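Trainee: So that we are looking at the same thing, I have put the structure below in structure tokens.
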Amino acid sequence: MKIRIFGVGDDFLKQFSFITTLCFIFFLPVIILASCQSTEYPIDHEQLGKDERIVIRFSHVVGEDTPKGMAARKFAELVKERSNGLIEVQVFSNGTLYKDGEEMNALSRGDIQMIAPAISKLTEIVPEISVFDLPFAFYTLDEVHEYVQSETGKKLTDKLKNHNLLVTGLWDSGFKQISNSIRPIEHYSDLEGLRMRIMPSDILAKQFTTLNAESKRIDFNTVFNQLQKGNVDGQENTLTNITSKNLYSLQNYLTISNHGYLGYFLLFNYEFWNSLSSDVQQLLTETLQEVQQWEWQHTKKMDQEKLQDIKRCECIQLHYLSEEDKLEWEEKLEPVYDYYREHYSDRYIEALPKFQD
Ligand code: LMR
């Protein structure tokens, strides 16, 4: 019995079955190839929904044109590329998401997953960490790196785990210099009576009171305003921070003192880190190690470039401390070390590279 379709003749049916067979012959290999490709190549994670991707929100307070700002971007790019879009690091610079003083709580709560605060800002939760703030504690950046990687350094950074914070690396900002609007600082006694902005750290406060100066703890993002209003006379910071926030436009004198280290611990919310698979942790750890090496080199270069920019602008009077001057300052600042020993411990001071043979 022939099945007849209403209004359709035999010729049409023959043509239809011919076309169907042709389509089948042409498209079958394409279908097979497509299904092979999806197993041969990794999934394009860009296509994944928001809930399927791993999102790491990384907040920091400095500008893009700084070692930290650039390293954060580089880290985000590499992670995206290496995870094929599975892990997305969203960088929020300039304190746009959380300001100085807010980002630590946001990280502990898990509202963000990653920050890179100046080490001085961690001294409020682990005071012993202020060993990094001691004046002339380190003479070179290599000494800082060596100390952080030593047993003593690890003991110090491990203390942050009690606060749900995991240290996964160190980025440099460099050595701090001193600027102010009142007078050139050539001898330490020139600091007497000046009001200086500091990061929140008892050791930094002690450093300035030892030199008979006043210190005020001010958030990084308001330093420009506070200098402009005349609420402080000066501040200490690295050249990349001084230039990126245009602080030098408000100051008349800059002393290249290299008297203290400013660097950052790369911190993850510890619970979040533990929730990641070991593959993801490995990818992040390896990428961070690579970016850290790049950041260390880049910071040195950028610091030199910013010094040249400042010299060229002829907009601020520069003074360099000689090696002899520095020894004199270091001696004058010994009470800061005594303060640290009394309040915290001797062991972190004794392990500093400058006290090793
Ligand atoms: C500062 O507050 O001066 C610095 O901690 C800013 C930064 O993150 O480098």
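The values are calculated or read from the model by the stated rules, or taken from the named source; none is laboratory data. Please read all numbers here as calculations on a predicted model, not as lab measurements. Heads up, the Cβs are rebuilt from the backbone with ideal geometry, glycines too, and the neighbour counts pull from every protein chain shown. These accessible areas exclude ligands, DNA and RNA; they are computed on the full protein's heavy atoms, side chains included. Shrake-Rupley method; radii C 1.70, N 1.55, O 1.52, S 1.80 Å.
Trainee: Give me the distance in nm between label points sitting 7 Å out from Cα along the Cα-to-Cβ direction at SER322 and SER189, one decimal.
Mentor: So the label points at SER322 and SER189 sit 1.7 nm apart.
Trainee: Evaluate E = 1/(1 + (r/R0)^6) for GLN90 and THR140, where r is the Cβ-Cβ distance and R0 equals 35 Å; express this FRET efficiency to the nearest 0.05.
Mentor: For GLN90 and THR140, the calculated efficiency is 0.55.
Trainee: Around SER173, which amide H atoms from residues at least 5 apart in sequence, or from another chain, sit under 5 Å from its own amide H, with H modelled in the peptide plane?
Mentor: LEU262, GLY263, TYR264
Trainee: Quick check: with the 1.4 Å probe, what order do VAL55, VAL223 take by accessible area, largest first?
Mentor: Values: VAL55 40, VAL223 0 Å².
Greatest to least solvent exposure: VAL55, VAL223.
Trainee: On a full-extension model of 0.36 nm per residue, what is the gain between VAL55 and GLU128, subtracting their alpha-carbon distance, rounded to one decimal in nm?
Mentor: Between VAL55 and GLU128, full extension yields 23.0 nm more.
Trainee: Given the Cα-Cα distance of GLU350 and THR222 and 0.36 nm per residue of separation, how much length would full extension add, in nm?
Mentor: 42.5 nm
Trainee: Select from LEU288, LEU327, LEU250 the residue whose mean-square fluctuation is largest in a Gaussian network model of the chain (Cα-Cα springs shorter than 10 Å).
Mentor: Judging by the Gaussian network model, the answer is LEU327.
Trainee: Any chance you could run the full-extension gain for ASN105 through SER277? It's 0.36 nm times the residue separation minus the Cα-Cα distance, nm to one decimal.
Mentor: Value of the extension gain: 59.4 nm.
Trainee: Sticking with this one: Let me have the 222 nm mean residue ellipticity of the chain computed from DSSP H runs of 4+ only, each contributing -39500 (n - 2.57), with the sum over all residues rounded to the nearest 500.
Mentor: Rounded to the nearest 500, the figure is -14000 deg cm²/dmol.
Trainee: Order GLU295, GLU192 by their accessible area, 1.4 angstrom probe, all chains in place, largest first.
Mentor: Largest to smallest exposure gives the sequence GLU192, GLU295.
Trainee: A further question on this structure: What spacing in nm lies between the two simple spin-label points modelled at THR285 and LYS311, each 7 Å away from Cα in the Cβ direction?
Mentor: Each label point lies 7 Å from its Cα, and together they span 4.3 nm.
Trainee: A further question follows. What is the spread of the Cα atoms of the chain along each of their three principal axes, largest first, in whole Å?
Mentor: The Cα atoms of the chain stretch 114, 44, 34 Å along their principal axes.
Trainee: Restricting the count to DSSP beta bridges whose residues both fall in the range 54-355, what percent are antiparallel, rounded to a multiple of 5?
Mentor: Taking every DSSP beta bridge within the range 54-355, about 50 percent pair in antiparallel fashion.
Trainee: Report the net charge of residues surrounding MET104, where surrounding means a beta-carbon distance below 13 angstrom and charges are Lys +1, Arg +1, Asp -1, Glu -1.
Mentor: With Lys, Arg at +1 and Asp, Glu at -1, the neighbours total -3.
Trainee: On a 0 to 90° scale, report how tilted helix 323-332 is relative to the longest principal axis of the chain, with both axes built from alpha carbons and the result rounded to the nearest 10.
Mentor: With rounding to tens, the tilt is 80 degrees.
Trainee: What number comes out for the charge environment of ALA213, summing +1 per Lys or Arg and -1 per Asp or Glu over other residues with Cβ under 10 Å away?
Mentor: Result for the neighbourhood of ALA213: -3.
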